[in-house]
Amino acid sequence: MSTASVSALSVVVGDEELLVDRAVAELVAAVRAGDPEVDVHDLMPGQVSAGKLVEVTSPSLFGERRVVVLRSAQDLTKDLATEVTGYLRAPADDVVLVLVHAGGAKGKALLDAALKAGATRINCAKPTKAAERLEFLKGEFSRAGRQITRDAAQALLDAVGTDLREIAAACTQLVADTEGRVDEKAVARYHTGKAEATGFTVADRAVEGRVAEALEQLRWSLAVGTAPVLINSALAGAVRGLAVVVQPPRGIADAELAKRAKVPPWKLKSLRQQARGWSPQGVARALQVVAETDALIKGAGRDPAYALERAVIEIGTARGQRR
């Protein structure tokens, strides 16, 4: 983005902090590329008053260029939003105004006024689908002038999770520490082991009846410092998810089922697969096990590691229970 391409008025719309921060930083950098001495005012609603707004947006006596970033514009008070709307009718020539708006109904009148005034809109919506996160991940490598195979990209996404900042950090690490096209072997070197040895992996293996693998992941997870209470919390969450899908109410929509199971809708498929082989009686026993384990970890027992190993074995046994 060149300084000539920066609009005097831009709106950055969305709720994904990483993308919003990048968009704002790119706008500021583009202005600074043409004027390194540009004055930047990056303000949150709590830092904005009518006087401050007039101060930062009034024409400069010396023709100095300024960038004014108003974050969380949807949270401005009604009076301040009116002040900004008034400014949009007669903006200063030496001011680049950037409004950051979450994109919801709150404060929409200000957003609409900015767009009507000719603002350049930059969308920064949070990726909600796995395919969107995969595209983001591949885009991180493209930004760095590198490539990653599709299988490697999926493996990295599986290892890191859904948080965009963590995905971006993992991509940065691989770009810095590898050469050429990134493949599954490169991803495995950095993200097999500790990244996979989480309470969630332990829980998944346990409810799937893969007890030996669950115990292996449990020992590794404890070895790298995962708190026992977090591991049991993951076990409890997995079992509660089973309880929802083993005998779902007739006619319930997937969105509501996912909400009750406290999982994103896309995870329902894997949750249903995990539920195969489980009976209501087995789930009831597993729920009892995680409750007992919680008490043992929080003081009723002396050895949290032993309590968790017992829980994994008991949950695996409960999977085949029919009465």
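What to note about this one:
- Within segment 25-74, considering residues that are in a loop (DSSP other than H, G, I, E, B) and in contact with a helix residue (DSSP H, G or I) (Cβ under 8 Å, 6 or more places away or on another chain), the one farthest from K106 (Cα to Cα): D35
- Qualifying residue in segment 133-147 (condition: in contact (Cβ under 8 Å) with a residue 60 or more places away in the chain and of a type outside the set (S, T, N, Q)): no
- Segment 254-284 - residue that is of a type in the set (A, V, I, L, M, F, W, C) and outside any helix (DSSP H, G or I) and, of those, surrounded by the fewest Cβ atoms within 10 Å (Cβ to Cβ): V263
- For segment 1-15, the candidate set comprises residues that are modelled with pLDDT of 90 or more and of a type outside the set (A, V, I, L, M); within that set, the residue that is surrounded by the most Cβ atoms within 10 Å (Cβ to Cβ) is S10.
- Count - residues of segment 148-187 that are in contact (Cβ under 8 Å) with a residue 12 or more places away in the chain, of a type in the set (S, T, Y) and part of a loop (DSSP other than H, G, I, E, B): 2
- For segment 199-246, taking the residues that are free of Cβ contacts under 8 Å to residues at least 60 places away in the same chain and among the acidic types (D, E), the one that is nearest to R319 (Cα to Cα) is identified as E213.
- Sole residue being crowded, with 19+ Cβ neighbours inside 10 Å, in the same structural domain as R210 (by TED's automatic domain parsing) and either part of a helix (DSSP H, G or I) or basic (K, R) (or both), chosen from L308, L287, L230: L308
- Restricting attention to segment 56-115 and to residues that are within 24 Å of the chain's Cα centre (by Cα) and among the polar types (S, T, N, Q), the residue that is nearest to A33 (Cα to Cα) turns out to be S72.
- Only one of the listed residues (D79, D94, D39) is touching a Ser or Thr at 6+ places or on another chain (Cβ under 7 Å), among the charged types (D, E, K, R) and farther than 29 Å from E166 by Cβ. That residue is D94.
- Entry remark, segment 233-253: residues being among the basic types (K, R) and in a helix (DSSP H, G or I) number 1 in total.
- G316 vs. criteria in contact with a helix residue (DSSP H, G or I) (Cβ under 8 Å, 6 or more places away or on another chain) and over 23 Å from T162 (Cα atoms): yes
- Residues being closer than 30 Å to L70 by Cα, modelled with pLDDT of 90 or more and part of a loop (DSSP other than H, G, I, E, B) - total across segment 128-147: 1
The values are calculated or read from the model by the stated rules, or taken from the named source; none is laboratory data. All of these numbers come straight from a predicted model, not from anything done at the bench. Methodologically, a virtual Cβ is constructed for each residue, glycine included, from the backbone with ideal geometry; neighbour enumeration extends over all protein chains shown.
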